[in-house]
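Novice: Here you go, one structure.
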Amino acid sequence: MEIPNETFQEIIEGKTKLLVPKKSITDKVPPKKPAFFNPKAKLNRDFSIIAYSAFLNKFEGPKIFLEGLAGIGARGLRVANELEIEKIVINDLNPSALKMAEYSANLNELKNIEYSEKEVCRFLSEYSQKGRRGSITDIDPFGSPAAFFDCGIRATMHGGILSTAATDLQVLNGLFQNACKRKYGGIPVRTEYGNEIAIRLILGCLRTVAARLGVEIVPVFVESEMHYYRTYVKVLNRPDQQENVGYILHCKHCGHRKMVLEQEQECELCKLKISSAGPLWIGRIFDKEFIQDMLLEIPKLEVDKVCEKTLSKCLVESEMPGTYFTLDEIASKMKASPPKLENAILNLQKNNFLASVTAFSPTGFRTNANINEIMEIFETIQ
C-alpha cells in the first residue's frame with residue numbers, strides 16, 4: 001500500500017497507531033473529506049475500549065466486532081489491537097476512509113479485519129442471520145442513531161452488546177420537541193438534568209424497537225459528554241416483561257420530579273400543573289456488576305485518567321432511584337449560595353436519605369429525598 005502524502009499524519013491513540021487527515025488535528029471542526037476523524041472523541045473511544053474489554057472478558061460466544069459507521073476506523077482498530085477479539089468488520093461508505101483504516105491496520109500488523117463499503121443498514125442486514133451476528137455492534141452516526149436501532153438490534157447476537165452514539169443534542173434537550181417526538185417517540189422537558197432525560201429518551205426508543213422485535217435490552221453503561229450521548233445495552237433474545245417505559249414528571253413551579261408509568265396532571269407537592277417528559281426509559285441505566293468489571297479493566301489499558309473518576313461515580317449511583325438534582329438548582333430556589341457537594345450528600349445521608357454523586361454533572365447528586373426535604377436539610381448546612 002502506498003505511503004500517504006503530506007495531508008496525512010500518524011498519531012498514537014491508546015496503544016494503537018492511526019493514520020489521520022492532518023486537518024482533523026489542526027482545524028477547529030474536523031473536515032468530512034477526505035475522511036472523518038474527531039480527535040476530541042478520544043475519551044469516548046477510551047470508554048468503549050474499557051466497556052468492550054469488560055464485556056469480552058466474560059463473554060463465552062464468538063468474539064465478533066461490527067462497526068457500522070467507522071470513518072477511518074479508529075474505534076475498530078483500537079478494539080482489534082488492544083483487546084482479545086476474533087474478527088472485526090469495519091464498514092463505511094467512504095472508500096478513502098476505508099483505505100486509511102487499511103493503512104493503519106498494516107501499521108499495527110493487524111490481520112483479523114475485514115472492510116465493507118456499504119450503507120450502514122445494508123451492511124448490518126448482512127450480519128443479521130444467526131451465526132453471523134456481532135457480539136459487539138457499534139454505531140456512531142452524525143446526528144441521531146434512531147434510524148439504525150432496528151438493524152443494529154437484529155445484527156447483535158443474544159447476550160451481545162449494542163452501543164450507539166447520539167450527537168443531535170439540541171433535539172434531545174428540548175429545543176425541537178416535534179423533531180424529538182418524530183425520531184425518538186417521546187418529548188423532553190427542558191431542565192437542569194436534561195442530559196439524563198435525553199439518554200432515557202434514547203433508551204426508551206431502543207426499548208420500543210426491541211419490544212417490537214421480541215427482544216429485551218438491558219442498559220449496562222451510559223455516557224454523557226458535551227458533544228454526544230452514548231448508550232451500551234445488552235441484547236437478549238427474549239421478550240421484555242418489565243414495565244420500564246414511562247414518564248418523568250417535572251414541576252416547573254416547585255422543582256419536584258418523579259418517574260412514573262402513567263402521566264399525571266398536577267404536582268403532588270404544590271398541586272400546580274406538572275410537565276411531562278416521555279415516553280422514556282424509567283429503569284436502571286447502569287449495571288453495577290458491569291461498572292465494577294469496567295473499573296477492573298482500567299489498569300490493563302491505556303486510557304484517560306478521567307475514565308476511572310467517572311466510572312467510580314457511576315458505580316455509587318448505579319442503584320440510586322430517580323433523576324439527579326444540582327446544587328445550583330436548589331441554591332437558586334433557596335436564594336442562597338450552594339453548599340459543598342460532599343456536605344450536601346453527607347447531610348442527606350445523616351437524615352436517613354439515600355444520596356450519592358452522579359457522573360452526569362460535577363455539581364449533581366442523586367437522592368430519594370424530595371425537593372422540599374432537600375431544602376430543609378440544606379438550610380441546616382448554611
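Bear in mind these aren't lab numbers, they're just calculated from the coordinates by the rules spelled out. Just so it is clear, the model here is predicted, and its values are computed rather than measured. Cβ sites come from the backbone with ideal geometry, for glycine too, and all protein chains shown count toward neighbours.
Novice: Compute the angle between helix 194-212 and the longest alpha-carbon principal axis of the chain, please, reported from 0 to 90 degrees and rounded to the nearest 10.
Specialist: The angle comes out at about 60 degrees.
Novice: Then there is this: Tell me the relative contact order for region 1-152 as a rounded percent, counting alpha carbon contacts under 8 Å between residues six or more apart.
Specialist: 22
Novice: Related question: May I ask for the distance between the Cα centers of region 1-76 and region 274-304, given as a whole number of Å?
Specialist: 22
Novice: While we're on this one: Quote the FRET efficiency, to the nearest 0.05, computed for ASN5 versus LEU261 with a Förster distance R0 of 56 Å and r equal to the Cβ-Cβ distance.
Specialist: Here the calculated transfer efficiency is 0.40.
Novice: For the pair ASN57/GLU109, report the inter-label distance in nm, with labels modelled 7 Å from Cα in the Cβ direction.
Specialist: Between ASN57 and GLU109, the label points sit 2.7 nm apart.
Novice: In whole Hz and in residue order, list the ³J(HN,Hα) couplings for region 90-95 that follow from phi through the Karplus curve 6.51 cos²θ - 1.76 cosθ + 1.60, θ = phi - 60°; x for Gly and Pro.
Specialist: Each residue's phi maps through the Karplus curve to give 9, 10, 7, 7, 8, x Hz.
Novice: More than 21 angstrom separation, counting every C-alpha pair in region 230-382; what % is that?
Specialist: Percent of Cα pairs beyond 21 Å in region 230-382: 54.
Novice: Multiply the residue separation of MET334 and ARG132 by 0.36 nm, subtract the distance between their alpha-carbon atoms, and state the gained length in nm to one decimal.
Specialist: Length gained between MET334 and ARG132: 67.0 nm.
Novice: Beyond 18 Å, how much of the Cα-Cα pair distribution for region 332-382 remains, as a whole percent?
Specialist: The calculated P(r) of region 332-382 puts 21 percent of pairs beyond 18 Å.
Novice: Give the residue from ASN368, VAL357, ALA336 lying farthest towards the positive end of the charge dipole for region 314-375; charges sit on Cβ (+1 for Lys and Arg, -1 for Asp and Glu) and the dipole is referred to the Cα centre.
Specialist: ALA336
Novice: Quick check: pseudo-label points 7 Å beyond the Cα along Cα→Cβ at ASN237 and VAL306, how many nm apart are they?
Specialist: 3.9
Novice: Let me ask another. For region 144-261, what relative contact order do you get, as a whole percent, if you take Cα pairs closer than 8 Å and at least 6 residues apart?
Specialist: Relative contact order of region 144-261: 26 percent.
Novice: Give the relative contact order (percent, whole number) for the chain; include only Cα pairs under 8 Å separated by 6+ residues.
Specialist: 11
Novice: Next up: With +1 assigned to the C-beta of every Lys and Arg and -1 to the C-beta of every Asp and Glu, and no other charges, what is the dipole magnitude of the chain about the Cα centre in debye, to the nearest 20?
Specialist: Roughly 620 debye, rounded to the nearest 20.
Novice: If I model a spin label at GLU119 and LYS23 as a point 7 Å from the Cα along the Cα→Cβ vector, what separation in nanometres do I get?
Specialist: 2.7
Novice: Nearest 10 degrees is fine. How inclined is helix 306-317 to the longest principal axis of the chain, computing both from alpha carbons?
Specialist: 40
Novice: Counting only other residues whose beta carbon sits under 15 Å from that of GLY186, what net charge do I get with K and R as +1, D and E as -1?
Specialist: The answer is +3.
Novice: While we're looking at this one, here's another question. So how much slack lies between ARG284 and GLN177, counting 0.36 nm per residue of separation and subtracting their Cα-Cα distance, in nm?
Specialist: Answer, rounded to one decimal: 36.1 nm.
Novice: Related question: Report, as a whole number in µm² per second, the diffusion coefficient that Stokes-Einstein gives for region 1-133 at 10 °C and 1.306 mPa s using the Kirkwood radius over alpha carbon pairs.
Specialist: Answer from the Stokes-Einstein relation: 104 µm²/s.
Novice: Could you tell me the calculated FRET efficiency between LYS42 and GLU373, based on Cβ-Cβ distance and R0 = 41 angstrom, to the nearest 0.05?
Specialist: Efficiency computed from Cβ-Cβ geometry: 0.50.
Novice: Can you tell which of ILE217, SER163, PHE142 lies farthest toward the positive end of the dipole of region 101-237, using +1 and -1 charges on the Cβ of basic and acidic side chains (Lys, Arg; Asp, Glu)?
Specialist: ILE217
Novice: Taking square-rooted eigenvalues a ≥ b ≥ c of the alpha carbon gyration tensor, is region 157-204 rounded, prolate or oblate, where a/c under 1.5 means rounded and, failing that, a/b exceeding b/c means prolate?
Specialist: Prolate, because a/c is 1.5 or more and a/b exceeds b/c.
Novice: With a 4.7 Å Cβ cut-off, tell me which Cys residues in the chain come up empty for a partner.
Specialist: Cys with no partner Cβ under 4.7 Å: CYS180, CYS205, CYS307, CYS314.
Novice: Put +1 on the Cβ of each Lys and Arg and -1 on the Cβ of each Asp and Glu in region 1-125; which of ILE113, PRO30, PHE8 then has its Cα farthest toward the positive end of the dipole?
Specialist: My answer, from the dipole projection, is PRO30.
Novice: Classify region 13-86 as rounded, prolate or oblate, taking a ≥ b ≥ c as the square roots of the eigenvalues of its Cα gyration tensor: rounded when a/c is under 1.5, otherwise prolate if a/b is larger than b/c and oblate if not.
Specialist: Prolate shape, in that a/c is at least 1.5 and a/b is the bigger ratio.
Novice: Work out the length of the dipole vector of region 129-269 about its Cα centre, built from +1 on the beta-carbon of each Lys and Arg and -1 on the beta-carbon of each Asp and Glu, and round it to the nearest 20 debye.
Specialist: In debye, rounded to 20, region 129-269 gives about 520.
Novice: Also, I was wondering about something else. Under unit Cβ charges (Lys, Arg +1; Asp, Glu -1), what dipole magnitude, rounded to 20 debye, does region 1-59 have relative to its Cα centre?
Specialist: That gives a dipole near 240 debye.
Novice: Could you identify which residue out of GLN129, GLN265, GLN242 has the top mean-square fluctuation in a GNM of the chain using Cα springs shorter than 10 Å?
Specialist: GLN242
Novice: Taking a 20 Å limit on the Cα-Cα distance, which of the listed pairs LYS40/LYS63; LYS258/LYS288; LYS63/LYS309; LYS23/LYS118; LYS40/LYS305 fall beyond it?
Specialist: From the list (LYS40/LYS63; LYS258/LYS288; LYS63/LYS309; LYS23/LYS118; LYS40/LYS305), the Cα-Cα distance tops 20 Å for LYS40/LYS63; LYS258/LYS288; LYS63/LYS309; LYS23/LYS118.
Novice: For region 222-244 and region 318-382, what is the separation of their Cα centres, given in Å?
Specialist: 26
Novice: What does DSSP give for the chain in terms of the percent of beta bridges that are antiparallel, rounded to the nearest 5?
Specialist: The antiparallel proportion sits near 70 percent.
Novice: Then there is this: Helix 42-58: angle to the longest alpha-carbon principal axis of the chain, degrees 0 to 90, nearest 10?
Specialist: With both axes taken from Cα atoms, the answer is about 80 degrees.
Novice: What share of the DSSP beta bridges in region 1-105 is antiparallel, in percent to the nearest 5?
Specialist: The antiparallel fraction comes to roughly 60 percent.
Novice: For region 125-175, would you read off the P(r) tail past 11 Å as a percentage of all alpha carbon pairs?
Specialist: 67
Novice: Show me the ranking of peptides 68-78, 191-201 by mean Cβ neighbours inside 10 Å, starting with the highest.
Specialist: Packing proxy ranking, top to bottom: 68-78, 191-201.
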